[in-house]
Amino acid sequence: MDKDNSSIEYSLSVNGNSHEISKSWLGESLLYVLREELGLYGSKNACEQGECGSCSVLMDGVLACSCLVLAANATGRNIETIESLSDDDSLTVVQEAFIETGAVQCGFCTPGLLVTIHDFLETNPEPNVLEIREAISGNLCRCTGYGRIVEAVQIASKQKSTGQGGDDVSS
Amino acid sequence: MEFHIASSTEEVCGLLAEDPTREILAGGTDFMVEVNFRHKDPSAVIAIDRVPELKQWRHDGDAVSIGSCVTYREIERGPLSTIVPALAQSARTVGSPQIRNVATIGGNLGTASPAGDMIPVLLALDAKVIIRSIDGSREVSIDELITGVKETSLADNEFIEKIRVPILRGPQEFLKVGPRNAMVISIASLAMVTDLERSAIAIALGSVTAAPSKAREAEAYIQDFLDWNVMTVESSALPNFRRLVGEASSPINDHRSSATYRKHAVGVLGQRALLRIFESRDDG
Ligand SMILES: Cc1cc2nc3c(=O)[nH]c(=O)nc-3n(C[C@H](O)[C@H](O)[C@H](O)COP(=O)(O)OP(=O)(O)OC[C@H]3O[C@@H](n4cnc5c(N)ncnc54)[C@H](O)[C@@H]3O)c2cc1C
Ligand code: FES
Ligand code: FES
């Protein structure tokens, strides 16, 4: 990927769509490109140093802070942002649970938490409180004190497992 | 401006030989913080995080060879967590799930921060770092690699290929003190490893010295008070042991902690680790 001196070009696959990017600064983070270039404002920027998790995305299915990914190095990887959570107006079980418990106050941390929690419940569908706290330890929330968020994860986990329970009967 | 995604170690060697000013990017968790805060303005970068050899670990005689791009996530779970338990304990304390998913062991050594959590464990275990360049490989110890605060002995055309970690039989501990439980850079840390074959104990300190260092006097002192057959320690030796561990540190005052607290804390960690491995006994 050798480049001339003025710009760098690469393509990004975001939520299944391919985008050609041409940049004049190599240091740009994936978070910056998602927001400022692709208009995907769901991923938030609250620290740019990996501390808050509000920029969380999945890269090839791995949860990461997009502010710590060099955008050019995200090429060839499958990037999923908060915008990929649903393609219509319907809400996921986790989103419903957030509303039910009041886990959204200012809302700044919410997209990052939703990406994190969806990923977490995929691998650990029936977590205990300690596991939930550990899973969200990279997502800072200044408003809720986390109690309602933990509660929302528990509700979503129950809802999901009762949903799956129905499927199991058929086997 | 140029960006390279390397696919083999040979390619990394070649790219660095061609232009040694090219910078290495692994997980990016230190690199990108520097960039985001404009402390670094990269113009030529080699991403090494897709090089298959660097992402693997394997048994290597009585040691395990861990590729520089192996992540904390991989060290903290799976087979490595039982092969090198203190390394896994240390990996679990790093950052958050998002950080551990991408941050690498090689990046921790490359950054060479006194607070790097891999460093005391690797030093206590006498791990060797295998450094590669177009001219071949060389092997150095952790304290030969890291020479000061964020300083390494790596030449511009060299990179860390892998870390060879001895597999020891015997309990190991890594302990860390920070201002909170999650997502925390350490104020003081300590690794203690034992080798039951040789009745040996090694102690290394983190965040309390500029360059990696062991608590050698404390190691030598405590030997006389250990019973390796039943794994006990004479309780009368503990105050001196704690003091000697503290004295092996040369901490600084900074925004995270005072030097006095660091020296005290690392002594407490030393005693705590010792008592997790050896049961205290009262008689002399
Ligand atoms: C929110 C947050 C929390 C953190 N918490 C901790 C913590 O608790 N404990 C801790 O120890 N660290 C912590 N860190 C620091 C960081 O995550 C670690 O130091 C990590 O191991 C760096 O690895 P990386 O792969 O991300 O390195 P990168 O950022 O890619 O690289 C770091 C440096 O090393 C060089 N480098 C990387 N790989 C090589 C190689 N193979 N050969 C030669 N040079 C190389 C790079 O050029 C760069 O200078 C934290 C960071 C963040 C952002
Ligand atoms: S903006 Fe990325 S972690 Fe805070
Ligand atoms: S709701 Fe405000 S930061 Fe979490």
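Values in this text are rule-based calculations from the coordinates and carry no lab data. If you're wondering where the values come from, they're calculated on a predicted model, not measured in any experiment. Because the Cβ atoms are built from the backbone with ideal geometry, glycine has one as well, and the counts that use them run over all protein chains shown.
To the nearest 10 degrees, how steep is helix A:110-123 against the longest Cα principal axis of chain A, on a 0 to 90 scale?
So the inclination is approximately 70 degrees.
Between A:I99, A:I155, A:I136, which gets the highest mean-square fluctuation from a Gaussian network model of chain A, Cα cutoff 10 Å?
Fluctuation is largest for A:I99.
Which far-off residues, 5 or more places away or on another chain, put their amide H under 5 Å from the one on B:W57, with H placed in the peptide plane?
Long-range HN contacts for B:W57: B:G67.
Please work out the ratio of the alpha-carbon Rg of segment A:3-82 to 2.2 N^0.38 Å and round it to two decimals.
Output field value: 1.02.
Can you pull the three principal axis extents for the Cα set of chain B, in Å, largest first?
68, 44, 31
Does anyone have the angle between helix A:147-169 and the longest principal axis of chain A? Alpha-carbon axes, 0 to 90°, nearest 10?
70
In vacuo Debye scattering of chain A, one point per C-alpha: log10 I(q)/I(0) at q = 0.09, 0.11, 0.12 Å⁻¹?
Taken in order of the listed q values, log10 I(q)/I(0) reads -0.34, -0.50, -0.58.
Hey, how many Å between the Cα centroid of segment B:39-64 and the Cα centroid of segment B:240-266?
Comparing the Cα centres of segment B:39-64 and segment B:240-266, I get a distance of 33 Å.
Compute the distance from the alpha-carbon center of segment B:182-234 to that of segment A:65-102, in whole Å.
44
Would you list A:H118, A:H19, B:H255 from fewest to most Cβ contacts within 10 Å?
Sorted ascending by nearby Cβ count, the order is B:H255, A:H19, A:H118.
Quick check on my link table: of B:K176/B:K263; B:K128/B:K214; B:K55/B:K176; B:K40/B:K128; B:K162/B:K214, which ones sit more than 18 Å apart, alpha carbon to alpha carbon?
B:K55/B:K176; B:K40/B:K128; B:K162/B:K214, as the Cα separations exceed 18 Å there.
Enumerate the amide H contacts of B:A44 below 5 Å, restricted to partners 5 or more residues apart or on another chain; note that Pro and chain-start residues carry no placed amide H.
Result for B:A44 returns B:E2, B:E23.
Please arrange B:S65, A:S54, A:S11 by how many other C-beta atoms lie within 10 Å of their C-beta, fewest to most.
Ascending Cβ contact count within 10 Å gives the list A:S11, B:S65, A:S54.
For the protein assembly as shown, go through all pairs of different Cα atoms, get the mean of 1/r, take its inverse, and jot down that Kirkwood value in Å.
Result for the protein assembly as shown stands at 23.6 Å.
In what order do B:D60, B:D282 fall by count of nearby beta-carbon atoms within 10 Å, going from fewest to most?
Ordered from fewest to most neighbouring Cβ atoms within 10 Å, B:D60, B:D282 come out as B:D282, B:D60.
How many times 2.2 N^0.38 Å is the alpha carbon radius of gyration of segment B:1-43?
In units of the globular-protein estimate, segment B:1-43 measures up at 1.24.
Find, among the GluC sites (Glu not before Pro) in segment B:188-235, those assigned to loop by DSSP (not H, G, I, E, B) with at most 11 other beta-carbon atoms within 10 angstrom.
Sparse-neighbourhood loop GluC sites (Glu not before Pro): B:E197.
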